[in-house]
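None of the figures in this text is laboratory data; all of them are computed from the coordinates on show. Note that the structure is a prediction, hence the values are computed from the model and not measured. Quick reminder, even Gly has a Cβ in these numbers, built from the backbone with ideal geometry, and neighbours come from all protein chains shown.
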Amino acid sequence: MKAGRIMMAVWLAAASTSLAAASLYQWKDPQGRTVYSDQPPPPNIHNAQQKAFKGSVIETGESYATKTAREKYPITLYASACGAPCDQARQLLTQRGVPFSNKDPQASPEAQAELQKLTGRTSVPVLVVGSDRIDGFEAGQWQAALDRAGYPKSAPAGSKPAAAATPTAAPAPATPAH
């Protein structure tokens, strides 16, 4: 019985591979009409185009839950090279697959001014989830805030961690060549 199920699964897998990469042909017939077909055109047609399609799977970079949470509750992380707290903050967001904007107040006067206006000081890390703010890193508080916003508890299996939008430092001034 088990062998029959295995054979059925193998057969279904083999049968579905031909459906996963279908070809479509497009050409103009002698009357000038555009024809689309999964069969090759007649031999007398010279300007046919063949197009390959790969199944009916919609691929996106993020899950529906993540996209919905991101739209309602965008994440901003104010962090710098402050050591363990900032590193742990980034790691938590990355492990959960949370898309976030990273602002470094040490590298950006604009980020420093934003943080000063937001908190009244420039201590990092600070997490902003929608309109909620958490000063300092405490994993339990951060997890709860992300849960309330609807972010998934972990990144989807096989996906890359969320890319953090890290600000780029200004390029070093070029030294004149002698």
Please determine, by comparing only the residues of region 86-107 that are assigned to a loop (DSSP other than H, G, I, E, B) and under 13 Å from the mean Cα position of the chain (by Cα), which one is nearest to Asp135 (Cα to Cα). Phe100
Could you give every pair whose Cβ atoms fall below 6 Å, whose first residue belongs to region 22-38 and is within 10 Å of Gln49 (Cα to Cα) and free of Cβ contacts under 8 Å to residues at least 24 places away in the same chain, and whose second residue is of a type outside the set (Val, Ile, Thr) and not in a loop (DSSP other than H, G, I, E, B), counting only separations of at least 6 or pairs across chains? Tyr36/Gln26
